[in-house]
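The values are calculated or read from the model by the stated rules, or taken from the named source; none is laboratory data. All figures in this text were calculated on a predicted structure; none of them were measured in a lab. No Cβ is skipped: glycine too gets one built from the backbone with ideal geometry, and neighbour counts run over all protein chains shown. For the accessible areas, the whole protein counts, side chains as well, though only heavy atoms, and no ligand, DNA or RNA atoms are used. Shrake-Rupley method; radii C 1.70, N 1.55, O 1.52, S 1.80 Å.
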Amino acid sequence: MKASNLTELIRYRRTVAPKNYTEENPDHDLVAECIDLARNAPNHHRTEPCRFYLLDEKRIREVGRLFGEQVRGSEPTPESIARGEKKTKEWGGAPGLLVVTQYTDRACTLVRNKPEVIKEDYATCCCIVQNLLLLLEEQGIATKWSTGPVWEHPEFRDVVGIPNSPPDEEVVALLFYGMSGSPKAVRELSGLEKTLVNYRAG
Ligand SMILES: Cc1cc2nc3c(=O)[nH]c(=O)nc-3n(C[C@H](O)[C@H](O)[C@H](O)COP(=O)(O)O)c2cc1C
């Protein structure tokens, strides 16, 4: 289905891995427009902490290579080599990859006075990412939010062009995206009574 209103988008958005994207190319300009809109999220102190790196094919291939190297490990086994090659192929061949980071300057006066801003900034980034997932879903573009720790690879920041060193700028999400024809199923969640204390229940 192509979800068309907010309720359906929230209900039917599903993570779709790059290996399940179709051959059709996503519209990367449209993705950039969605990023712009997604930034409209709650943001305490208006710090605008989110940074976005919309990678081209060359950089996606490089990120795939780095993750493959990581998965293969420093003492490769036949099994880890095979897994590394698989990841290089899957990640490196993804039609779209957006790296989302949080930039919070630890030395600024605000953060020195209120260290909780670091957590608040992360919350804002996560709100923005969810906005983005829904906006892309609305455009028929499927996504996968990954935290496969490729950013620990010493070459990652150079490849992506992240200017600020950690902890000031850290990766929040690797967002794979592409077209997906597969129908989306509603995910079964546990009963609401497990997580909602409802003093309004009649
Ligand atoms: C912070 C975060 C990190 C995630 N990292 C990964 C990941 O590294 N690998 C992966 O396969 N899925 C990852 N996911 C996707 C979840 O596995 C997925 O959201 C979950 O299985 C529920 O499926 P749904 O998104 O279709 O509802 C991540 C999701 C979030 C929010």
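Overview of results
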| quantity | calculated |
| --- | --- |
| Checking THR104 against (1) surrounded by fewer than 17 Cβ atoms within 10 Å (Cβ to Cβ); (2) of a type in the set (S, T, N, Q); (3) away from the ligand (no atom under 16 Å from the Cβ), the condition it does not meet | (1) |
| Selected residue [touching a residue at least 60 places away in the same chain (Cβ under 8 Å) and touching a Lys or Arg at 6+ places or on another chain (Cβ under 6 Å)] from THR101, THR88 | THR101 |
| Subset of the range 141-158 [away from the ligand (no atom under 12 Å from the Cβ) and surrounded by fewer than 16 Cβ atoms within 10 Å (Cβ to Cβ)] | GLU152, PRO154, GLU155, ASP158 |
| Helices (runs of 4 or more DSSP H) within the range 1-74 that include 3 or more residues open to solvent by 60 Å² or more (accessible area, probe 1.4 Å) and under 30 Å from LYS119 (Cα atoms) | 6-12, 28-38 |
| Qualifying residues in the range 114-128 (those that are within 13 Å of the ligand (Cβ to nearest atom) and either crowded, with 20+ Cβ neighbours inside 10 Å or more than 14 Å from the chain's Cα centre (by Cα) (or both)) - the one farthest from VAL172 (Cα to Cα) | ILE128 |
| Test: residue in the range 80-94 that is open to solvent by 70 Å² or more (accessible area, probe 1.4 Å), of a type in the set (Phe, Trp, Tyr), under 27 Å from ARG65 (Cα atoms) and at pLDDT 95 or above | no |
